[in-house]
Amino acid sequence: MNGDAALDIAIVGGGIIGICVAAYLAEAGRRVTVFDRTGICEETSSGNAAAFAFSDVLPLAHKGMIRQLPKWLADPLGPLSIPPAYLPRLMPWLIRFWRAGRSNRYEAGLAAQAGMMKLAEAEWMPLLDRSGARPMLREDGSLEFYESETEFRASLPGWAARQRFGIGFRHVEGEELTALQPGLSPRFVKGTFVPGWKTVADPKLLGKAVWAYAESKGARFEKARIEHVDAGQDQATLTLADGAIRRAKHLVIAAGAWSHLLAENLGDRIPLETERGYNTTLPKTAFDVKRQLIFSGHGFVITPLEAGLRIGGAVELGGLERPPNFARSKAMLKKAKSFLPGLDPSGGREWMGFRPSLPDSLPVIGRARKSPAVSYAFGHGHLGLTQAAATGRLIRDLVLGQNPALDLSAFSPNRF
Ligand SMILES: Cc1cc2nc3c(=O)[nH]c(=O)nc-3n(C[C@H](O)[C@H](O)[C@H](O)COP(=O)(O)OP(=O)(O)OC[C@H]3O[C@@H](n4cnc5c(N)ncnc54)[C@H](O)[C@@H]3O)c2cc1C
């Protein structure tokens, strides 16, 4: 293309957030170019647990979670790990995380997240229809398990908080529990069924379908690594890895766990870290899983997908550079086998992804401090698939100069 002609909208990042932003802006008649170094939904957005977790409104830094930390950190392959060499770099983020758990901040974060989730559901369902992806939706709820009365009781404040925001659920035990998931180990004494929880048949295929829709509205893709960005009041400049320069009337940074590196070029220091997560996808025949199964005490889930059974989760606060440690995938698979004794653990494919995470569990959605020509759309942590359509809607509102569908102050890049 002609390097001198300014683009209308440039989006850095072809993950689920970038392509939903692309779809909303292309629908509004804007000319959109998505830049990604790999492709459309080829990285973290391709291999996640496929949940539209609309009821997952609790910020991660809550008292119940913080109480679990010593136990979790004691197990090197457990639900949470921090490589010792990374701890000094992580410390400022951890301090912010700790502070986000204080009750006033926690309550504000909970209310902001609940508002975002309402919008998430309201935006995803019609976008699924518009992009022809509705058949990929599974509406069979989720089932969360407890191994003891004590663990169940510890979960109750979280359920009460969800109830305040109108989220439906039902605690189950005995025959009702085993009917919801036959073949479960008797070590689980209670469960909670959330009927409004949804999953998709395959997050990567969903991403490709939304992108095909965006393309049909005129969006285009350019494979390139963006080395540097800059911006004035009415234009942004992108420097590609081969030295080429692109200019755009508006730039959206949706580069997942790498977004802060580009925001820093613009003078915004955003405490984005990555919560690396792992899984194994087994053949579909591995076990008959009825709906998404959630083992919160062990930090992983099992999702029945179109192409197989995905077992994984865990959090490794280990930065962007360290090689994957697939012993984590294996450890979760081993546990899954003991929780569902009939499971065939053979023939799996292991994967790791980079959750882009802010310490208060809320994404950054807003304008760059110094330039109205740049918007940020990143930091969705565990919930990027769930919140992608809502983020597309909000960024479209901002770019078109319309009143955003939500009060964006809780998501501001300036809140840190
Ligand atoms: C194990 C696991 C399970 C999960 N389960 C769920 C779930 O069930 N539900 C849910 O809602 N969320 C889930 N998530 C979280 C979700 O996957 C992420 O929040 C989401 O994928 C983030 O999307 P994104 O578009 O922001 O980032 P990404 O998918 O990482 O996309 C960013 C893109 O930007 C590109 N990029 C970065 N820097 C540059 C650059 N300089 N130049 C060019 N390209 C660049 C990257 O190549 C990448 O393709 C899970 C995550 C993990 C790891």
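The values are calculated or read from the model by the stated rules, or taken from the named source; none is laboratory data. Owing to the predicted nature of the structure, the values given are computational and were not obtained by experimental measurement. FYI the Cβ positions are ideal-geometry reconstructions off the backbone, even for glycines, and counts take in every protein chain you see.
One table, with the values for the structure above:
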| item | result |
| --- | --- |
| Residue match in the range 88-100 (condition: in a loop (DSSP other than H, G, I, E, B), touching a residue at least 12 places away in the same chain (Cβ under 8 Å) and either within 16 Å of the ligand (Cβ to nearest atom) or closer than 24 Å to Val315 by Cα (or both)) | no |
| So Ser259, is it within 14 Å of the ligand (Cβ to nearest atom), among the hydroxyl-bearing types (Ser, Thr, Tyr) and in contact with a Pro (Cβ under 7 Å, 6 or more places away or on another chain) | yes |
| Criterion: under 16 Å from Val12 (Cβ atoms), within 12 Å of the ligand (Cβ to nearest atom), within 21 Å of the chain's Cα centre (by Cα) and surrounded by 17 or more Cβ atoms within 10 Å (Cβ to Cβ) - qualifying residue of Val229, Val210, Val252 | Val252 |
| Selection count where residues are part of a strand (DSSP E or B), near the ligand (Cβ under 7 Å from one of its atoms) and farther than 20 Å from Ala61 by Cα, scope the range 353-389 | 1 |
| Per-region count, the range 406-416, residues at pLDDT 95 or above, surrounded by fewer than 22 Cβ atoms within 10 Å (Cβ to Cβ) and of a type in the set (A, V, I, L, M, F, W, C) | 3 |
| Flag if Ala336 is not in a loop (DSSP other than H, G, I, E, B), not assigned by TED's automatic domain parsing to the domain that holds Ala254 and not β-branched (Val, Ile, Thr) | yes |
| Residue match in the range 149-157 (condition: without any contact (Cβ under 8 Å) to a residue 40 or more places away in the chain, away from the ligand (no atom under 14 Å from the Cβ) and surrounded by 17 or more Cβ atoms within 10 Å (Cβ to Cβ)) | yes |
| Which listed residue is part of a loop (DSSP other than H, G, I, E, B), at pLDDT 95 or above, more than 17 Å from the chain's Cα centre (by Cα) and not aromatic (Phe, Trp, Tyr), from Leu320, Leu398, Leu309, Leu343 | Leu343 |
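Quick grid of which residues meet (1) of a type in the set (Asp, Glu); (2) closer than 30 Å to Ser103 by Cβ:
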residue	(1), (2)
Met125	no, no
Arg138	no, no
Ser142	no, yes
Phe145	no, yes
Gly166	no, yes
Glu176	yes, no
Gln181	no, no
